[in-house]
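Participant: Before I ask anything, let me first share the structure, which is written out below as structure tokens.
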Amino acid sequence: MNSKDQQEKSGNNPLRQIPKIDNLLTLPEIQNLLSTYSRSLVRQVLRSIVSDLRDEILKGDTDLKLPDLSEYAELALQRIQDTTRPPLRKVINATGTVTHTNLGRSLLSPSACDSLLNAAQNYVNLEYDLETGKRGHRDRITEPLLQQLTGCEASTVVNNNAAAVLIALQTVAKDKEVIVSRGELIEIGGAFRIPDVMAASGAILREVGTTNRTHLRDYADAINENTALILKVHPSNYKIFGFTSTPEMHELTELGTERGITTMEDLGSGALIDLSQYGLPYEPVVAERISCGVDIVTFSGDKLLGGPQAGIIVGKEKWIHRIRKNPLMRALRIDKLTIAALSATLQAYQYHDALTEHFPMIQRYTRSIDELQNTAEYIADRLQVIFENIVTIEVSETQSEIGSGSLPVETLASKAVVLTPQTVSAERLSEHFRHANTPVIGRIETDQLWFDVRTLYEEEQKLLIQTAEEITSKLVNS
């Protein structure tokens, strides 16, 4: 006889104490829910509650206390809220990675958000020329700005930089050879590999040089009647040190001009300005590459540029025109929301004296160590009061990362609030913070939970403290 049969023969079978769904639906408290939510949704969550109770009983949970009838409405409301909560939620990034791929990368500027909202709520002149009253091309919105900022002849934009590389390679070099240094056959997050993208484009990879040293003569010797392109890939997510050598971009463009071969560079992160003026490491500037005579340059709209996810292609008008005509463009092009945010982002670069005010990411990259110390001490003091003896709180030095494959070996001196739990593991404490109403994401090191404060401003500090207050009782009862 199985456990269910035994329970059914028992005189006090708890399964029989679980109310029927139809009876629950008649309760006044449930009727109040029905005035707000659909009957099918309320019935669905009640069934899930009853099913969970039944499963616990059949598992032999002798300590299970069935809810009172009045409590079913509260349980149902909680499940409804969990079910209807937007899947894309605000989280507090205290990981120490500023441009965090898994947490959405760059934060948009206020002007970009305003532009995006305007485009979302209204009809806009996306492909309509207000001067002529005829159809226009969506590139005309961002192209003048990119011409001004990079010095390019023309430009187009697709949905991310991998797409930019893909469509450029297919347009220029399908069924033909592309020369790339072995030291630049990179892989970035999500298993994006240059050789794989090249294969998908129909281009034929021609590797030259070695991992650490490639010379101009390696490129020159590889050119043949089937060569269509010399491709340089900026290793934005790694660096090779020591006995290394690689030609400068201007040398490759001179070789390309001399031999009649198109040149292209994938800059990846794509800085529009020299970030060293803000105390950050130097990263190649797009305008400098255009001035070298490169035919095509691709880079990201987010990451170091600080805009929405997009793949930006700038360069010679001849090639940009052909890329626009590629049938893939229809599948890879960006929509009005991305264009709205990107154009506002590009416009902000015209105000060089106020870039830290315009760009949230530059603000976060450049915060002073004194400001970070004050922030960390304030949070630590508040958390110590909240957690008392169940979590030990201290402030420690740490290193932040720019993130998303940008400036990979460079770090930013920062401060962290370090939590050492006394009653639970660091993993469990981290889980409590992640499952809160506003999830707080930190990192675990040596059985401690670290909150890097570089990305925590006044609102984030307030929410982190509220979350700590929210989970205190859970830690006490753990």
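The values are calculated or read from the model by the stated rules, or taken from the named source; none is laboratory data. Everything numeric here is computed off the predicted structure, so don't read it as measured data. We place every Cβ from the backbone using ideal geometry, glycine too, and count neighbours over all the protein chains shown. Heads up: the accessible areas ignore ligands, DNA and RNA and are worked out on the full protein's heavy atoms, side chains in. Shrake-Rupley method; radii C 1.70, N 1.55, O 1.52, S 1.80 Å.
Participant: Given (1) over 20 Å from GLU388 (Cβ atoms); (2) part of a helix (DSSP H, G or I); (3) open to solvent by 70 Å² or more (accessible area, probe 1.4 Å), where does ILE444 come up short, assuming only one miss?
Facilitator: The single condition ILE444 does not satisfy is (2).
Participant: If a residue has to be under 21 Å from GLU394 (Cα atoms), not in a strand (DSSP E or B) and not charged (D, E, K, R) to count, how many in segment 408-438 make the cut?
Facilitator: 9
Participant: In segment 274-327, what residues are more than 14 Å from MET249 (Cβ to Cβ) and among the aromatic types (Phe, Trp, Tyr)?
Facilitator: Correct list: TYR278, TYR282, TRP319.
Participant: For segment 210-234, name all the residues that are open to solvent by less than 30 Å² (accessible area, probe 1.4 Å), among the polar types (S, T, N, Q) and either under 19 Å from ASP295 (Cα atoms) or out of contact with any Ser or Thr (no Cβ under 6 Å at 6 or more places or on another chain) (or both).
Facilitator: THR227
Participant: Looking at the structure I just gave you, is GLY293 surrounded by fewer than 18 Cβ atoms within 10 Å (Cβ to Cβ), on the phi > 0 side of the Ramachandran plot and in contact with a helix residue (DSSP H, G or I) (Cβ under 8 Å, 6 or more places away or on another chain)?
Facilitator: Considered against the rule, which asks whether it is surrounded by fewer than 18 Cβ atoms within 10 Å (Cβ to Cβ), on the phi > 0 side of the Ramachandran plot and in contact with a helix residue (DSSP H, G or I) (Cβ under 8 Å, 6 or more places away or on another chain), GLY293 comes out as yes.
Participant: Looking at segment 76-98, I want the residues that are more than 30 Å from GLN448 (Cβ to Cβ) and have a partner that is hydroxyl-bearing (Ser, Thr, Tyr) and surrounded by fewer than 20 Cβ atoms within 10 Å (Cβ to Cβ) with Cβ atoms under 6 Å, at least 6 apart or on another chain. Which pairs are those?
Facilitator: ILE80/TYR37
Participant: Moving on. Please report, ordered by residue number, the helices (runs of 4 or more DSSP H) entirely within segment 342-402 with at least 2 residues that are free of Cβ contacts under 8 Å to residues at least 24 places away in the same chain and out of contact with any His (no Cβ under 9 Å at 6 or more places or on another chain).
Facilitator: Helices (runs of 4 or more DSSP H) meeting the threshold: 369-387.
Participant: Hey, does segment 312-326 have a residue that's of a type in the set (A, V, I, L, M, F, W, C) and modelled with pLDDT under 95?
Facilitator: Scanning segment 312-326 turns up no residue that is of a type in the set (A, V, I, L, M, F, W, C) and modelled with pLDDT under 95.
Participant: Against the condition open to solvent by 80 Å² or more (accessible area, probe 1.4 Å) and free of Cβ contacts under 8 Å to residues at least 24 places away in the same chain, how does PRO67 come out, does it pass?
Facilitator: no
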